[in-house]
Protein chains: 2
Amino acid sequence: MGLCSVTLEREGGCIYLSVTGYKPGKMNINDIAGLAGVSKATVSRVLAGNPKVKETTREQIQKIINESGYQPNYLARSLSSRKTFAVGVIVEEMTNPFFSKILSMIENILNDKNYTMSISSSNWVREKELAALKNMMRNSVDGLIVSPIAMESDTIDILRKSSIPVILLNSYTDNERFSCVSSDNFQGGRLAAEHICTVPPAESVQVIAVTGYKHQTLNERMDGFYAYMDQDGSKRRRIEVYEEINTYEDGLNLVPTLLTRNRIDTVKTCLFVTNDNVAMGVQEGLLRHDIAIPGDVRLIGYDNIEFSGRCRVPLTTIEQSSGEMGRIAAMEILDMIENHNMNVRKFRLPTRLILRDSSP
Amino acid sequence: MGLCSVTLEREGGCIYLSVTGYKPGKMNINDIAGLAGVSKATVSRVLAGNPKVKETTREQIQKIINESGYQPNYLARSLSSRKTFAVGVIVEEMTNPFFSKILSMIENILNDKNYTMSISSSNWVREKELAALKNMMRNSVDGLIVSPIAMESDTIDILRKSSIPVILLNSYTDNERFSCVSSDNFQGGRLAAEHICTVPPAESVQVIAVTGYKHQTLNERMDGFYAYMDQDGSKRRRIEVYEEINTYEDGLNLVPTLLTRNRIDTVKTCLFVTNDNVAMGVQEGLLRHDIAIPGDVRLIGYDNIEFSGRCRVPLTTIEQSSGEMGRIAAMEILDMIENHNMNVRKFRLPTRLILRDSSP
DNA sequence: TCTGGAATTGTAACCGGTTACATTATTCCC
DNA sequence: GGGAATAATGTAACCGGTTACAATTCCAGA
């Protein structure tokens with residue numbers, strides 16, 4: 001063990017012992033300044049890459065920083081600079097592959113730019129959504145990406161009044177306060193209807209739509225769906241709607257009801273389910289009742305999650321570019337944060353019909 | 001509109017104008033103190049629920065806090081109190097349902113306790129893992145839950161030296177520094193081997209194992225697998241291993257190789273794939289080549305993700321209780337944080353064979 | 001009315017950075 | 001060598017809270 005070199009230094013009238021050998025625990029900027037024999041302002045400048053530090057000084061301080069393993073405290077930095085390099089993301093559920101793909105994309109882009117992502121999920125409960133939002137705002141995130149449960153809510157009211165950049169994900173509003181990134185659900189619904197109306201058998205007599213939580217995206221899908229059906233009046237079918245069918249299990253359990261109420265085993269039927277996860281449940285239920293897909297019933301889903309091509313009968317579905325939604329949301333929030341750019345932009349990503357076995 | 005009441009106050013020799021009518025923008029604790037005519041220490045005590053504040057004072061301050069919509073700045077609070085109510089989570093990938101289920105469980109539990117969760121994914125790249133870790137430590141998280149890529153790494157070295165609570169997820173080490181939550185992969189591998197050896201056809205002549213990135217969990221699974229196979233010497237099969245098969249596409253693309261190298265269309269074969277996602281790819285590849293499952297080839301996966309029961313031929317697989325892993329990791333980190341409990345505990349969750357059509 | 005201790009509140013230091021402004025050092029030119 | 005301009009660094013206030021300790025207020029009991 002070599003001896004440590006000890007020096008005497010004055011600071012604010014006190015005499016300090018400074019030892020070249022580093023503290024084992026947390027060092028702060030004062031320790032570095034002490035070791036380097038400069039003021040903490042200079043160290044701070046080096047840390048910030050401020051060009052008005054003499055090159056030799058910079059090198060010396062940098063050396064000490066590297067050797068000591070000093071890591072600046074970001075809380076202090078954030079408090080003082082009013083910038084946290086943190087973005088908060090709130091979604092309804094994070095296990096749904098639709099969302100987890102978006103989240104993953106956002107995370108990758110943010111991390112590349114050295115931003116931090118905190119995630120909360122509302123699980124479709126408004127109080128949780130609101131609590132998550134408040135928590136993030138108190139934590140002074142630089143920006144928020146929120147997939148709101150509803151457009152009329154305390155959450156939206158608070159967001160509207162807030163001064164930080166906000167992106168609404170998977171939602172659309174005319175309100176000038178919010179940038180929005182969503183897919184064109186109206187078009188998606190149309191695509192589904194168009195497919196149903198143009199594909200044989202032309203004589204199919206009933207169309208059953210299955211949707212979930214009352215949510216803007218689902219309303220839009222159904223609007224687009226009806227719009228096409230109305231326009232296509234000549235072939236107008238009997239349309240029946242089941243709502244609040246939210247999970248795989250819900251879909252599975254819906255089937256007996258369908259069978260008794262709609263006698264879909266005896267007539268040609270098209271099922272449009274506005275969520276692939278639920279569609280898989282419905283499919284499973286139908287197969288268990290020996291209903292042939294697409295022989296007896298055509299089945300059309302929505303989302304094109306990774307697994308919809310791999311299920312028992314691969315799903316014909318409407319694709320949303322979830323990865324792209326995540327990418328745009330992340331790029332957009334970064335742009336707003338870094339360039340203090342308050343321009344509101346609305347993104348509507350096109351959807352696409354993916355033909356698979358369940359309704360070829 | 002009523003008039004605002006204006007009062008004169010002295011503070012530090014200066015005369016302040018205090019108006020009862022709240023600032024539109026951000027208020028801080030001093031503003032509240034000014035409005036209430038007390039010092040900020042008292043406001044801080046009210047905020048902290050400190051009992052030694054006179055009841056009438058508390059009510060009055062609380063009223064002002066409520067009316068003004070004041071939200072304390074958590075950065076400042078954290079800096080001063082050295083507690084952030086934030087937990088960092090690092091996993092390899094967040095789109096894999098195995099991980100997203102864990103993440104979701106952790107998030108729910110943390111949020112219930114008003115903790116914040118920040119997520120980073122390493123995407124199997126060590127440098128990204130390390131960067132994410134450093135970032136989180138600089139952000140002074142109260143605890144870390146990490147699913148490490150490898151046990152010998154800078155990441156682990158830094159974690160070992162760190163003083164905050166750490167949970168290793170999906171990994172195991174004897175090291176006394178770390179609490180671990182993982183499933184019993186050795187047992188899982190055994191279960192798979194046992195299933196293969198006990199199920200007809202007893203005469204099957206080859207076993208093909210397909211694994212991914214070199215990762216402790218996979219090594220353990222294969223160890224358990226071999227352990228059973230060795231012990232079960234009488235029925236010993238020819239075992240072949242393919243490594244570094246990581247994704248659905250990798251699995252799909254592996255099939256032509258399997259077919260030419262192993263002639264699995266002419267002999268009885270068991271395929272053990274240590275990841276359900278990959279197993280689905282392999283399955284798809286086999287089906288495209290008209291190999292019957294389980295007729296020609298038995299297929300056994302690993303993880304029991306939500307979708308493994310829903311694919312073309314539902315997968316026989318080894319279940320890991322991912323939700324439980326998340327739950328335990330979250331509860332454990334909270335316990336360590338809140339009770340300053342540095343007791344290291346190792347959790348090994350049992351696995352379970354799930355029989356489905358791919359190898360009944 | 002006085003006194004001591006409990007209850008309440010205020011004061012000021014501190015957490016660890018950033019930065020406007022002041023101060024000192026250096027360089028350049030006549 | 002002197003003085004101005006410029007470069008480098010230091011000083012101190014500030015970000016918005018928490019908290020140890022000091023000061024004040026209150027009230028019962030003597």
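See the values below:
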{"quantity": "A:ASN50 vs. criteria surrounded by fewer than 20 Cβ atoms within 10 Å (Cβ to Cβ), part of a loop (DSSP other than H, G, I, E, B) and within 9 Å of chain B (Cβ to nearest Cβ)", "calculated": "no"}
{"quantity": "Hits in region A:39-75 - residues which are of a type in the set (A, V, I, L, M) and more than 7 Å from DNA strand D (Cβ to nearest atom)", "calculated": "A:VAL43, A:VAL46, A:LEU47, A:ALA48, A:ILE61, A:ILE64, A:ILE65, A:LEU75"}
{"quantity": "Complete set of residues in region B:106-143 that are of a type in the set (Gly, Ala, Ser) and within 7 Å of chain A (Cβ to nearest Cβ)", "calculated": "B:SER118, B:SER120, B:SER121, B:ALA132, B:SER140"}
{"quantity": "Residues located in region A:286-302, provided they are surrounded by 20 or more Cβ atoms within 10 Å (Cβ to Cβ) and of a type in the set (Gly, Ala, Ser)", "calculated": "A:GLY301"}
{"quantity": "Among the candidates A:LYS161, A:LYS128, residue that is under 26 Å from B:ALA76 (Cβ atoms) and at pLDDT 95 or above", "calculated": "A:LYS128"}
{"quantity": "Members of region A:215-239 that are surrounded by 13 or more Cβ atoms within 10 Å (Cβ to Cβ), in contact with a Cys (Cβ under 8 Å, 6 or more places away or on another chain) and either modelled with pLDDT of 85 or more or part of a helix (DSSP H, G or I) (or both)", "calculated": "A:TYR228, A:MET229"}
{"quantity": "So A:PRO148, is it more than 16 Å from DNA strand D (Cβ to nearest atom), within 14 Å of chain B (Cβ to nearest Cβ) and under 29 Å from A:TYR302 (Cβ atoms)", "calculated": "no"}
{"quantity": "Subset of region A:95-105 [more than 7 Å from chain B (Cβ to nearest Cβ) and within 19 Å of B:ILE109 (Cα to Cα)]", "calculated": "A:ASN96"}
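The values are calculated or read from the model by the stated rules, or taken from the named source; none is laboratory data. Not measured: the values here are computed from a predicted model. Counting neighbours? That spans all protein chains shown, and the Cβs are built from the backbone with ideal geometry, glycine included.
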